[in-house]
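This report refers to the structure that appears directly beneath it.
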Amino acid sequence: MAIEFKGEKRYEGKRFPQVLAILVVSLGTFSAGIHFTWSSPFSPMIVKNKVSSNGIITGMIVMSVIFFRISEYLGRKKSIILLTVPQTIVWIIVFFARTKWEFYIARFIAGTADAIVFGAIPPYVGEITVPVVRDFCGNLPTFASYGGQFFVATIGSFFDVQETVYICVGIPIVMAMLMLLLPESPYQLIKDEKLEEAKTSIQWFQRLPDVENEFQRTKADVKRQNSESATWLDLIKIISNRRALRAGIFLRVSQQLSGVSVFATYTQSIFQKAGGNFGPQYSAMIYSGSVWIANLVCSIAVAKYGRRPSYFLSLLTSGMVLLCMSIYFFLEQFEMANLQSVNWIPLAGMMTFVVTFSIGLSVIPTLMLGELFSASIKCKGLGILMSVFGVTILITSYLFHMLVDLIGLYCPFFFFAMSCFVSSFLTLKWVPETKGKTLEEIQQSLKK
C-alpha cells in the first residue's frame, strides 16, 4: 500500500503479517492477565485471607532490575520466548500447591514473567509495525491482558484450581512454538549487525516488492539512535531521554492512581461492601468482561484521535465517575439517605468507569512503552518504568486498604478522583503525541 510521506510515496506493503505477529505475542499478555487476577475467584478456596497481588508485583520489581541486561543480550524475540518458561512453571506450582506459601511463590514467579511481558512485547510490537498498524493494532496486547482477566474470572466461577491449571497451562507453550516461527525485530537485528537477517525480517513483516529502501531507512534510524550515549545518567542528561522518561513515569503513575489495579484485583471485595444485587463472583465477571469489550471498542477512538487527547479525556471523565461513587459510599457509610432502592449505583458506576478508563487509561501507558525511548537506551528506560509500575501498584493497594480501614470506602474513591483531575491537566504538558509517527520521528519530536 502506497502512502504519501513528507512529499514522497512510501510503500508500506502488507499489514496482515504484522497483525499476525501482534496476535501471537498477545498470548503472553493474555497469560499475564490470568496470572494477575486468578487468585480473586479462588481466594475463598485457598486461604481465609486473599492471596495478595503483592507477590506478583514484587517479582516484577525484582526482575525489572536485571531485565535490561537480559533483553540486551537475548534481543526481543528470545526474551518473549523466555517469558513462557516462568508462565508455565507458575501453573505447575499451582497444581501441586497445598499451602498459601506455595501460592505466594507462584505469584512471585508470575511477576518475573510480567516484567518480561512489559519489557519485551511493547518494544517488539513498536519495532515490527508501520505507524498505521501500530495506531490501530498496537493495543491488542493490552486487550488480550484484560481478556485474560475476564477468562479466569469466568472459569474460576465454575472450575477448581487444578481444573483451571489444565485449561491454562497450554497457553504459554503454544505461544513459545508460534514465536519460533516469527522473525526477530529488524531494529534488534540491525543493532546486532545481522544485516541480511534484518532485510529478511522487514520482507517478512511488510512483504515489500523492494525491501532495500525500507532497510536503508531503518538502518539509518537505528544507527543514529545507537550513536547516542546510553549510560544511566544519559536518561537525565539527554533531553529526548529525559522527556521520554518523564512521560513514561507520569503515564504509569497516573494510570495506577486512578485505582485501576486495585479494582481489577479486589473487584469482589468492592461489590461485597457495596451490597449490590449481584453476587460478587458474577460482579467480577461482568466487570472484567466489560473491560475486555470496552478496550476493543475504545481502541478505535484512541487510534483516531491520538494518544494525548484520549488520555486527557479518559482521566477527566474517570475522575467524575469516581467522585460520584465516593459521594454514594459517603452517604451510605454515614446513613445520610436511604439508598436501598438505588443499590445498583456501585455496579453502574463501575461499569461507567470501565468505559471512561478504556478510552485511554487502560491502553496508552502500555502502548507508549514501545514508542518513547531510542534504541540505544530503551532497555534501561523500560527497566525503570517497570519498577515504577510495580512500586505504584503496591502503594495504591496499601493506600486503598489503609483508607478503607481508617476512614471508609468513600475515601479511596475520592482520592483516586482527585488524582485523575490533577493528572488530566498534566497530560497536556508532559505526554507527547505519537500518533502516525515512526519511531525515529518520535525521537526527533522529543528533542524539540
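Being of a type in the set (D, E, K, R) and under 26 Å from PRO141 (Cβ atoms) is a condition met by at least one residue of segment 295-307.
State which residue is modelled with the lowest pLDDT when the search covers only segment 406-441 and only residues that are closer than 13 Å to LEU323 by Cβ and either in contact with a Lys or Arg (Cβ under 8 Å, 6 or more places away or on another chain) or among the hydroxyl-bearing types (Ser, Thr, Tyr) (or both). Step by step, filter segment 406-441, then rank; the result is TYR410. On inspection, ILE128 qualifies as over 18 Å from the mean Cα position of the chain (by Cα) and crowded, with 19+ Cβ neighbours inside 10 Å. With a requirement of 3 or more residues that are among the hydrophobic types (A, V, I, L, M, F, W, C) and out of contact with any Gly (no Cβ under 6 Å at 6 or more places or on another chain), the helices (runs of 4 or more DSSP H) lying completely within segment 127-211 that satisfy it span 131-137, 140-155, 161-168, 170-179, 195-206. Restricting attention to segment 295-330, the residues that are open to solvent by less than 70 Å² (accessible area, probe 1.4 Å) and in a helix (DSSP H, G or I) add up to 24. Evaluation of VAL62 against the conditions (1) modelled with pLDDT under 80; (2) closer than 15 Å to MET386 by Cβ; (3) open to solvent by 30 Å² or more (accessible area, probe 1.4 Å) shows that the sole unmet condition is (1).
When ILE80, ILE121 are screened for being over 30 Å from ILE286 (Cα atoms), open to solvent by less than 10 Å² (accessible area, probe 1.4 Å) and either modelled with pLDDT of 90 or more or out of contact with any Leu (no Cβ under 6 Å at 6 or more places or on another chain) (or both), only ILE80 passes.
Checking ALA220, ALA264, ALA230 one by one, the residue that is of a type in the set (Gly, Ala, Ser), in a helix (DSSP H, G or I), modelled with pLDDT under 90 and open to solvent by 10 Å² or more (accessible area, probe 1.4 Å) is ALA264 and no other.
Among the residues of segment 348-399, those identified as more than 13 Å from VAL253 (Cβ to Cβ), aromatic (Phe, Trp, Tyr) and either open to solvent by 10 Å² or more (accessible area, probe 1.4 Å) or assigned to a helix (DSSP H, G or I) (or both) are PHE353, PHE357, TYR398.
The values are calculated or read from the model by the stated rules, or taken from the named source; none is laboratory data. As the structure is a computational prediction, the values presented were derived from the model and not from experiment. Note that each Cβ is placed from the backbone with ideal geometry, even for glycine, and that neighbours are counted across all protein chains shown. Areas reflect the complete protein model, heavy atoms only, side chains present, ligands, DNA and RNA absent. Shrake-Rupley method; radii C 1.70, N 1.55, O 1.52, S 1.80 Å.
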